[in-house]
1. Order the following by accessible area, largest value first: 53, 15. Probe radius 1.4 Å; ligands, DNA and RNA are ignored.
2. Please list 3J(HN,Hα) in residue order for region 108-123, calculated via the Karplus relation 6.51 cos²θ - 1.76 cosθ + 1.60 where θ = phi - 60°; whole Hz, with x for glycine and proline.
3. For region 100-130, which trypsin sites (Lys or Arg not before Pro) are both in a DSSP coil and crowded by at most 15 other Cβ atoms within 10 Å?
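The values are calculated or read from the model by the stated rules, or taken from the named source; none is laboratory data. All values reported here derive from a predicted model rather than from experimental measurement. Note that we place each Cβ from the backbone using ideal geometry, even for glycine, and neighbour counts take in every protein chain shown. Protein only, heavy atoms only, side chains kept; ligands, DNA and RNA dropped before computing areas. Shrake-Rupley method; radii C 1.70, N 1.55, O 1.52, S 1.80 Å.
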Amino acid sequence: MKVSDSTTGLSEQLMATLPYLRRYARALTGSQSHGDQWVRLCVEVLLQQPELMGDSSTSKVDIFALFHRLQRPFGGLDKAEGGADPGTAPDRLKAQIREIPDTQRKVLLLTVLEGFSVEEAARILSISVDEADQALRQAREELRRVASVRV
């Protein structure tokens, strides 16, 4: 059985995107195991149903968008509870990020952590650019507020 060029291209793009998708899912859920479970689901579905990506060439944005489309029917990504000692600075930051409302947190992580533009984040999350821009501003304001109170 011969593998088509589009399937090969999809596999290559998926392999190139996988480390970033794992990092994002872990940051979003606050848990390595939960994040990796969602990524595993996305990869399995994508490899079994490559037609979900459409006819065009697949990009990192497309894979992240599929990741979010797949988790929607399940009520969103589960946030991990508890975890590490909240006394350390990195763990306090993780806890503060988890407290940010869902869309704001996603836009913040997509733009700041993963380097997507606001337009790309909006496409990934299937929201308008204005909604994404507003969510990013609100998330940054919330982080500033929390940081100034905790100092």
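1. 15, 53
2. Residue by residue, region 108-123 yields 4, 5, 5, 7, 7, 6, 9, x, 6, 6, 4, 5, 5, 4, 4, 5 Hz.
3. On the way: sites: 105, 106, 123; in loops: none.
Loop-located and lightly packed - none at all.
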